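This report concerns only the one structure given below.
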Amino acid sequence: MCKVIFELKPYPELRDVPKPILPIIFKSPIDETKTFETTALIDSGADICTLPLEAQSVLGLNMVKLGAEKTKMGCACGRKDFYGYRYKLKVVVYDYKNRPIERLVWVLFGGPSTMPLIGRNLMDIFEKINYDNVEKKGYFLGLREEEL
């Protein structure tokens, strides 16, 4: 059975309350040797994964030249809406046996203060999610089959 372990840690600052976080790798669809590796907040309120716009240069991408869809983004924190670019990237997370799980998902590239988030579009590839507050860990369990 597939099992991806994530931690409940203060994030993004040590003084913050514990939140679910997971290391994740975003790969350029043009050149998979170009990657953006980060720790992302698992956010069940986010529809799709997000990255700061600066990640495009690390991935060797230019959202405007690629014709990425400019889309309105919102924040549950109450700030006003802003715009970002929507583009598909391959994402990689590792299971408890250090085996990669790769999926192609939509990602929103937002402004410079956009926090890397794992949204429901990536969370939904798993069958179940569990939390263990005593051990300060959580688990994505089971892997749904990819849709063609």
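Each reported figure results from applying straightforward, stated rules to the coordinates on display, with no laboratory input. What you see is a predicted model, and the numbers here were worked out from it, not measured in a lab. When we count neighbours, we look across all protein chains shown, and the Cβ atoms used for this are built from the backbone with ideal geometry, even at glycine.
Straightening the chain between residue 121 and residue 9 buys 38.1 nm, computed as 0.36 nm per residue apart minus the Cα-Cα spacing. Shape analysis of the chain based on the Cα gyration tensor places the equivalent ellipsoid semi-axes at 24, 19, 14 Å, largest first. Largest first, the three principal axis extents of the alpha carbons in the range 10-54 are 37, 23, 17 Å in whole numbers. Dipole orientation for the chain: of the candidates 29, 89, 110, 110 has the Cα lying most toward the positive pole (charges on Cβ; Lys, Arg +1; Asp, Glu -1). The relative contact order of the chain, computed from alpha carbon pairs under 8 Å that lie at least 6 residues apart in sequence, is 31 percent.
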